[in-house]
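The values are calculated or read from the model by the stated rules, or taken from the named source; none is laboratory data. Since this is a predicted model, take the numbers as computed values, not measurements. Virtual Cβ from ideal backbone geometry, glycine too; neighbours counted across all protein chains shown.
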């Protein structure tokens, strides 16, 4: 091979400089920092750390993003309307006032959820625009229907002149006469949160405009019904007088039938004809053919999630509250801007003669009455059994009742001495039993009626007279783009 | 405003000292209530930047609510006091 000497690679003369150090290293070389630190390169954390950090940061990020968006959306709507609150108002003038109805969501013991939705998502806009509101929550199903019906009855009486404002109110400086008040009401509005509330409201509306003007005391009616019932009858077949709580000695009369019939007849007679003191002439009592216009309605869609199966939805909702803020603020904006349109409900076609519950053609669109129908898909399945549950509770109660009545009567008549336990905890007397029965019946009936109004199969009550009277708030025309 | 122990004055003739006392106390109470209410609601509802002499809608609504709440609270507290006094 080649000569080793001349081909031996010769190390280059030691003229190369020592490796050039970067700026930071020179500066830090003589500080106490260990040199290995200066050589470190960025490195990804371990796989486990990566997993943990990505999960945590994404969750926290979603939360923070959502809440910031909520704030931003809310603020943008508030800014749009807050100039309205700077307008002048005369000291004796009334600000614009809307009525908010929030009913109980079926299956939820907390009846306030719809009101909470209103307070959290719609109210800020109303407050910013200086629109005042009356919040009416329904504690049980059917409460709102009853209240609306009663309000309408009182309003009808006032309009027809049967009732009058008390003179004490009339001398107040802020008193406004009825026509003016009605005008101010029309300026206001009605806010309805959720489909159950909508159903209750329409049912109450229809009842209010269809029933008579007399005040019917539901308790008395129920008492009469229960009185004619035979539950508290003795085997010897005489009816004890019931109904008024003054009959505290009622159970002490062991006398036979004849002594009672005149008393019972006397008591029942005044109840049969309508109370003579304020009988209303027929033509006023009849339901009017034309309903005065109602203040425009704002329909706010609301879904309450309850139950274990809906927990994933609740979690999703927690991270997406901006959607609720958006829809709630939009609703509030619509209310403030006052753009309305007449209600749109297609005219009802005749029920076919062989009408079957299975006809699907009946499902044709009902226009505005189908507001928020999807929310009914979220009802719990156990709600379907409410009528049966009530029936079962009733049966159980009525099975246990005769025994209690027997004890009460035996004790009160002195046919039997009270045992030691009965001495300590006296069992309910007959009067108490009757009162308890009345209370339970009242509760059952109102629950049942409320459920019948609200259940998904129940249709929204509608009357042709409402067509010209109702209006709905819509988006104001020039506002095509939001946010 | 519901005041405790204030019945309509019976028609007994003469001006008794107690009735005058009662009337004076009541007047004092009412005036004090009114003053406090005005003070409190003004502090809460009306900002100190006076842009306009008239009340605007926001302030008007705020004042309505403030007065209503004040009244409610006064009624409730009065009832509680009365219940306590009787018990």
Condition set surrounded by 13 or more Cβ atoms within 10 Å (Cβ to Cβ) and not in a helix (DSSP H, G or I), scope region A:417-446, selection farthest from the chain's Cα centre (by Cα): answer is A:418
Working only within region B:33-67, note down all residues that are over 15 Å from residue A:91 (Cβ atoms), more than 14 Å from the chain's Cα centre (by Cα), modelled with pLDDT of 90 or more and more than 10 Å from every other protein chain (Cβ to nearest Cβ). B:43, B:44
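This table checks each residue for (1) out of contact with any strand residue (DSSP E or B) (no Cβ under 7 Å at 6 or more places or on another chain); (2) free of Cβ contacts under 8 Å to residues at least 24 places away in the same chain; (3) closer than 19 Å to residue A:448 by Cα.
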site	(1), (2), (3)
A:153	yes, no, no
A:161	yes, yes, no
A:164	yes, yes, no
A:172	yes, yes, no
A:179	yes, yes, no
A:206	yes, no, yes
Within region B:68-75, is even one residue surrounded by 15 or more Cβ atoms within 10 Å (Cβ to Cβ), touching a residue at least 12 places away in the same chain (Cβ under 8 Å), in a helix (DSSP H, G or I) and within 14 Å of chain A (Cβ to nearest Cβ)? no
Scope region A:80-114; condition within 10 Å of chain B (Cβ to nearest Cβ), farther than 19 Å from residue A:295 by Cβ and either touching a strand residue (DSSP E or B) at 6+ places or on another chain (Cβ under 8 Å) or in a strand (DSSP E or B) (or both); matching residues: A:85, A:86, A:87, A:88, A:89
With respect to residue A:391, determine if the residue is assigned to a helix (DSSP H, G or I), loosely packed, with under 14 Cβ neighbours inside 10 Å and within 39 Å of the chain's Cα centre (by Cα). yes
